[in-house]
Structures are given as C-alpha cells and as structure tokens.
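These notes are about the structure you will find just below.
The values are calculated or read from the model by the stated rules, or taken from the named source; none is laboratory data. Small disclaimer: the values here were computed from a predicted structure and weren't measured. Virtual Cβ from ideal backbone geometry, glycine too; neighbours counted across all protein chains shown.
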C-alpha cells in the first residue's frame, strides 16, 4: 500500500530510515557502547515521529479525512493504519536487537539486571531506593476523589492494581525526573539496574497499607504538532509573536495521545488507559525493551573512563583552518575558505566572528539562527560586537521545532545586548544558514559571507556532517546584504545575482539545471546529476528527475532519510541510483552537482522537500572556487563509492547493503574522511 508507480509514501520511507538506524545497533563492527547509543537514537527518533508526523496525520484526519497525499494517494487514516502495523514489526525487531545488546554487554563484563536479583542485591537496592528514590515519588490512588490521572507526554508511569480490605483500586505513580536513570551495584563485577526496573521492583513501598496484585510500566506519547500560522494570531502591529509561541509550547503537554507503550499490562488496566486516553488498541504497543532508552546514551558511565574507551569510537580532534596564523579576515580576503564538519573545527568560524567583533573595519554583522548550542560562543561573539558599536542583526527562528524555548531565551539575551532581533517573514520559517559581514574600507563596502548546510551549533558540528564556504566574493556579498534587507521588509520574491533563495528561486533554479542535463541527454551528450540530501519528497523535483532519467541522464542520489522516489523502474527511473549512509556521524550536508564532472556545484540549507522549497526561506549557493568545487565533488564521489555503511534502495522499495566484489577494497566514506 505504501508504494505506487515510481513513488514511495513519505511516512513509510521514514520508518525504513529508522530501521537503518536500528540496524547500526546490531552491527558488530560498531563499538559496543556506540551500538547502545544507536538503539537510544532509534527510540528517540520514533518518539519524535509519533509526536510530529503521526500527530499531524491525526490532525489532518480530524479536519479533512478524505484528503489524499499527492504521491501514493493514501488518506491520513490509511497512512496511520499502515504506520501502526509497521511499528509493531519495528518494535519486535528492536526487542530482538536489545536482547542481543544485553547479551553482548554481559559477555563484556557489564550486566543489566532485569528480573531476578540476588538477596545481597535486593538488600542493597532497597537501601538505595529508600534513601534516594522514595522521597521523590508521588503516588496516587484513583478513587472517587481522584477519578482521573494526567499522563504527561513521554513520561514513564508505574500502574498498579491494588487491594485494601475488600476494595480494589488502581495506583499510578510517575517515575521521578530528577533521579539518576540507573543504579550501579557494588562489587567486583559491573552490574546495574535501570530506574524503570527499580521502581517496578520496589514501587509498592510508596503505597503503604495496600496489597499489590499486579504492576506494569506505561508511557504515553502525545501529539506535539501545532501550526504557527499568522492567521491564528492578532495581526495588529503590536502583536507579540514570542508571547503567542510561548503559549503554544505550554499547550503541548495537553494535546491528545497518539501512542501507548507498556511492558505488559492486564486487560482491566489496559481498558482503563485506552478509555482515559481516548485511544484505540492499534495504537498500543507492548515492548520487550525499556520504555525510556535514553539511559543507553550514558551507559559508558557504568565503567571507569579508561575501561569504557575500548567500547567507544576512537576520539579524534577536528582540524583547525589552514593558514590561520594572523588575521582570518585577511585570509578570507585572499581567497575562499572551505570547512567540512566534523572533520574541520567549528572554532574557525567562531574565531572569525570574534575577530570581526573587535575590528574597526566591520560595520555590520547579520546572521540567521535556527538552532544553537545551549552554551553558544556564537552568541557571545555577537554580543561583543554589539557592545563595540557594530550593527548586529539576528534573524532568529522561534518555530524551530523543540528548540522554541532555547531560541526564545537567546532572542531575549541578544536583544538585551543591543542587537536588532526579528523573527523572520510571514508564514515562512527562516532555515537559511548565512552570515553577512560588511566592512567599510576607506568608504568602500567589502564583504565576507558565510554560507553553510548546517546550524550555528557548536555541539552538533561535532556530530553532523556539514559543508561551509566563507567567501569575500563581491557578487555573493551583495546578495547576502540584499537578502537581509529583503527579509526585514518581508520581500521574498527577489532574484539574486548568485544565490538561489526559496521560496522564490531555489526550486526553479535547480530545476533549470536538471532541464539542462535532460536536454544534453536528448542530444546524445554525456549528462549526469549528483545530489546529496537528508530527504527527497518534493513532487515537482521528483517528476523532473523521472523525466531526466527517461531521457538518459545518469542520476546518483545519496538520501540519508526519506526518499519518495522509487529507482530502477524500466523506462522511468532505471537511470536513477539511490543510496543511504547511516554511520558514526549524522549525514546532514546538502550538495547538488550538475554535469558528468561536476561542472556546477551548489551547497544548500535545503532538502528537496516541499516544506523547504516552497514553505521556508532557504539558500543554495554556487561554489565559485575551482579548488573547493573539486573538493566538494570529490566528497560526493567518495560517498557514492561507500560499500560499508551505504545501503541501496531497490526497485521493490527495500534497502539492501551495497555488495562488494571479491577482493574489492572496503570504502567507509566517513572513516576515510577522518
């Protein structure tokens, strides 16, 4: 049901992506503690998918149940039924992989206790529980005075069937948020128990005077999808969007339930929960692994650091920028700089901003911000620049999902420092990654422009692969300065000299290059497209690729996540190859190359998704330096040669490992770049 002609349903494709993440947890070539982290990421991904995508489908089903999506023509209800069915398969696979992880941990001297404990362990655990957990518990018995219980989003609860005299009732208790996620037992051998299992084992102590007949852990996922369309808001000039968004965020915890997870629960308790939450049985999942797996991302702390290192990736230090002795401003003025995270240091960009903040030549610094680190050196540099009398303008996107509160905080901090703050334009999220620095040299404007594929976030720059160019090119500099002027006046329909900017010119601009390659193929000339992105869902772009493939254009795509284009169909997509790479780092860069030898190369903040091309302010910048162009195209070719972490999308809509010929060298693109 999820595949029709040359199209794959978006939600199904995402579930296939998360399955590839889960498979990393089963890959014995990945260090053991890193496998545990991949399992945690899989669970976190699925949580967000239910909160956002499933939540959105429920919203659509309630408002417009007959509407069909534009590729496989499924209604929201049909998609939801398919998602629930696929989730059951996915969680069953996850249960098997978790069991294998536990076994491998035990064989390597780390035992996770689930089930029977020794008498010594029971005594030790009870002592710890009584002193360090019990005081933070908030038990509640549901009766006539407390008939209902509020189940908060993504929080684990202990549900108990209780008896007191002849009365039977339900006890409910949330797991405390401020308590450590696991307890490590004393002794020579390393063993630990999670907070979940600890509370399930001893939670009855919080219900003194009651007899416990049964107990189970439950976790509710709620719809967290909300729209921030200005049509919902007061349009008067004094309207405070930040206040409106804060109210929306506070509403999230009250949205409807979309999923219930348990570790096994009685029929009566399940009936109570489904009725209380107003959900159906198909939205309920029984897991054979912990309901909250965030603890797996910290599992290395159960061992001393010296022992834990052998179960983790070998640490590495990003390279500092070449030729950084002296002024970075002078270095950029001599020629374009290229930074590839995480292999190059994010500190180079920070250092450039710090130098600009102290420079007498710098007149203004303007930047778009989508996501920031919780301790941002970028913000400190901007504050310093403002304090030194430099005009600092920050376009901060308050609607960056799940980062809204952090961005509200930084908007306030920067405003207090004297920076000019605004929140974007109309109903378009500003997702661009651009810094425009204007220098005044003897009355003449000179420009330094940074353009990148990822956020200005020091933390994720160590984990995500992103590409960046810093240029003093006048044409791009003029475009950058004009971009910020146009944002300030709400003008999104402007053409630029070099930059392609959504929603006006990015998609149409890239399409012209696809059409150029199509025309070359029709003339019998070599024609090729190489592209890398996180997701491919835009129907217009997909149809352009299909037409190009039919004409004979060789199209090689590296799509990490969602891909709604089915390759390998005779007469339609037979010239299209799609690969996905899931590895140590999150592949996040977007690259668009046109021509058999990469004659035209762009890097971009935008995926080829309708939300990016039509509903956001995005930038694609051409690479003008021949050396950098060669380097970016080389990275593209390396990823297409990956035969270790790469998976290929088949014409049946499944992903399979890329097969190596006998004697063929292993190519792990990320490790090679390291």
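Quick grid of which residues meet (1) modelled with pLDDT of 95 or more; (2) part of a strand (DSSP E or B); (3) within 36 Å of the chain's Cα centre (by Cα):
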site	(1), (2), (3)
105	yes, no, yes
126	yes, no, no
129	yes, no, yes
144	no, no, no
147	no, no, no
177	no, no, yes
183	yes, yes, yes
192	yes, yes, yes
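Residue 554 fulfils the conditions (1) within 17 Å of residue 4 (Cα to Cα); (2) surrounded by fewer than 21 Cβ atoms within 10 Å (Cβ to Cβ); (3) over 28 Å from the mean Cα position of the chain (by Cα) except for a single criterion, (1). Candidates 605, 589: the one that is surrounded by 23 or more Cβ atoms within 10 Å (Cβ to Cβ), touching a strand residue (DSSP E or B) at 6+ places or on another chain (Cβ under 6 Å), assigned by TED's automatic domain parsing to the domain that holds residue 509 and under 26 Å from residue 658 (Cα atoms) is 589. Within region 469-516, the residues that satisfy the criterion of being closer than 27 Å to residue 330 by Cα, in contact (Cβ under 8 Å) with a residue 60 or more places away in the chain and outside any helix (DSSP H, G or I) are 469, 470, 471, 472, 473, 498, 499.
Of all residues in region 552-577, which are more than 24 Å from residue 631 (Cβ to Cβ) and assigned to a strand (DSSP E or B)? Matches in region 552-577: 563, 565, 576. Checked against (1) assigned to a loop (DSSP other than H, G, I, E, B); (2) modelled with pLDDT of 95 or more, residue 220 passes all but condition (1). Please go through region 376-391 and pick out each residue that is over 17 Å from residue 470 (Cβ atoms) and touching a residue at least 40 places away in the same chain (Cβ under 8 Å). Within region 376-391, 376 is the sole residue that qualifies. If I ask for residues that are in a loop (DSSP other than H, G, I, E, B) and touching a strand residue (DSSP E or B) at 6+ places or on another chain (Cβ under 7 Å), which ones from region 425-463 would you list? Matches in region 425-463: 431, 432, 433, 453, 454, 456, 463. Filtering 314, 348 for residues that are within 30 Å of residue 631 (Cα to Cα) and surrounded by fewer than 20 Cβ atoms within 10 Å (Cβ to Cβ) leaves a single hit, 314.
All of 433, 415 fail the test of being surrounded by fewer than 18 Cβ atoms within 10 Å (Cβ to Cβ) and closer than 28 Å to residue 360 by Cα, apart from 415.
Screening residue 371 with (1) assigned to a helix (DSSP H, G or I); (2) crowded, with 17+ Cβ neighbours inside 10 Å gives one miss only, at (1). No other residue among 628, 581 is surrounded by fewer than 23 Cβ atoms within 10 Å (Cβ to Cβ), more than 24 Å from residue 525 (Cα to Cα) and either outside the structural domain of residue 516 (by TED's automatic domain parsing) or in contact with a strand residue (DSSP E or B) (Cβ under 9 Å, 6 or more places away or on another chain) (or both) apart from 628. All conditions in (1) more than 24 Å from residue 201 (Cβ to Cβ); (2) under 25 Å from the mean Cα position of the chain (by Cα); (3) assigned to a helix (DSSP H, G or I) hold for residue 78, with the sole exception of (2). Among residues of region 402-414 that are under 26 Å from residue 223 (Cβ atoms), those with a Cβ under 9 angstrom from a residue that is exposed (fewer than 13 other Cβ atoms within 10 Å of the Cβ), sequence gap 6+ or separate chain, pair up as 406/374.
Taking every residue in region 635-647 that is in contact (Cβ under 8 Å) with a residue 60 or more places away in the chain and pairing it with any residue that is in a loop (DSSP other than H, G, I, E, B) and buried (at least 21 other Cβ atoms within 10 Å of the Cβ), at least 6 positions away or on another chain, the pairs with Cβ-Cβ distances below 7 Å are 645/582. I'd like to check something: does region 156-168 contain any residue that is within 32 Å of the chain's Cα centre (by Cα), surrounded by fewer than 19 Cβ atoms within 10 Å (Cβ to Cβ) and either closer than 27 Å to residue 258 by Cα or at pLDDT 95 or above (or both)? No, there is no match, as no residue in region 156-168 is within 32 Å of the chain's Cα centre (by Cα), surrounded by fewer than 19 Cβ atoms within 10 Å (Cβ to Cβ) and either closer than 27 Å to residue 258 by Cα or at pLDDT 95 or above (or both). Restricting attention to region 631-671, the residues that are more than 24 Å from the chain's Cα centre (by Cα) and either assigned by TED's automatic domain parsing to the domain that holds residue 19 or assigned to a loop (DSSP other than H, G, I, E, B) (or both) total 14. Of the helices (runs of 4 or more DSSP H) entirely within region 1-70, those holding at least 2 residues that are under 16 Å from the mean Cα position of the chain (by Cα) and closer than 19 Å to residue 608 by Cα occupy 10-26. Just to be sure before I move on: is residue 35 out of contact with any strand residue (DSSP E or B) (no Cβ under 7 Å at 6 or more places or on another chain), at pLDDT 95 or above and under 19 Å from residue 99 (Cβ atoms) in the structure I sent? Considered against the rule, which asks whether it is out of contact with any strand residue (DSSP E or B) (no Cβ under 7 Å at 6 or more places or on another chain), at pLDDT 95 or above and under 19 Å from residue 99 (Cβ atoms), residue 35 comes out as yes.
When region 397-412 is filtered for residues that are assigned to a helix (DSSP H, G or I) and either at pLDDT below 85 or surrounded by fewer than 16 Cβ atoms within 10 Å (Cβ to Cβ) (or both), the ones remaining, listed by number, are 404, 405, 406, 407, 409, 412.
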